[in-house]
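Working notes for the structure below.
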Amino acid sequence: MPKSKEKKPPVKVKKNVGHNGGRKVIPIDWSVVDKCLMTGSSGVQTAAFIGITDETLYNRCRKEHGVDFSIYLLKQKQKGNSLLLGKQYQVAMGGNVTMLIWLGKQRIGQTDHPTDKQEFNGSLASLLDVMHLIKSSQDFDALVQLANKNKKGEIDGKDE
């Protein structure tokens, strides 16, 4: 007797609502990422610290924040720099002389030997002023004679 071909009922596949297959999405605590980046950590270091790959961090940054990681990193690093500078300023204003000196050098260009620079700049400025007064070779010769007398100490610096 031949076997009859019976139709089997179709198998219903359960659809997982909210799950698109693939790997499970690892949550990223962006406040931890922000703190790492503000301290100066790189993307690779930050990713390792939170337990994901750097590529995952970069991709998720683009997806969740809408910017490339390099932009996000720069923004967080600048926040960290601002906080650090604020704290240094606070310490300096609290009377820490070392911090006052360091900030003076870093922010407003103070040096340990400011008089050397001031003397050079002053001498250079004086020389330029004199050069503008020279109109002829006779003026130049008179200037050279005056300079030689000054070297020998024959000029006392007083106007007569």
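The values are calculated or read from the model by the stated rules, or taken from the named source; none is laboratory data. Note that the structure is a prediction, hence the values are computed from the model and not measured. Cβ atoms come from the backbone with ideal geometry, glycine included; neighbour counts cover every protein chain shown.
Summary of computed values
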item	result
Test set (1) farther than 30 Å from L143 by Cα; (2) at pLDDT below 95 - K117 fails condition number	(1)
Test: residue in the stretch 95-102 that is assigned to a helix (DSSP H, G or I) and touching a Phe, Trp or Tyr at 6+ places or on another chain (Cβ under 9 Å)	yes
Any hit, the stretch 9-31, residues being among the β-branched types (V, I, T), within 30 Å of Q78 (Cβ to Cβ), at pLDDT below 95 and out of contact with any strand residue (DSSP E or B) (no Cβ under 7 Å at 6 or more places or on another chain)	yes
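Conditions tested, residue by residue: (1) surrounded by 13 or more Cβ atoms within 10 Å (Cβ to Cβ); (2) part of a helix (DSSP H, G or I); (3) among the charged types (D, E, K, R).
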{"residue": "V32", "(1), (2), (3)": "no, yes, no"}
{"residue": "I52", "(1), (2), (3)": "yes, no, no"}
{"residue": "E55", "(1), (2), (3)": "no, yes, yes"}
{"residue": "R60", "(1), (2), (3)": "yes, yes, yes"}
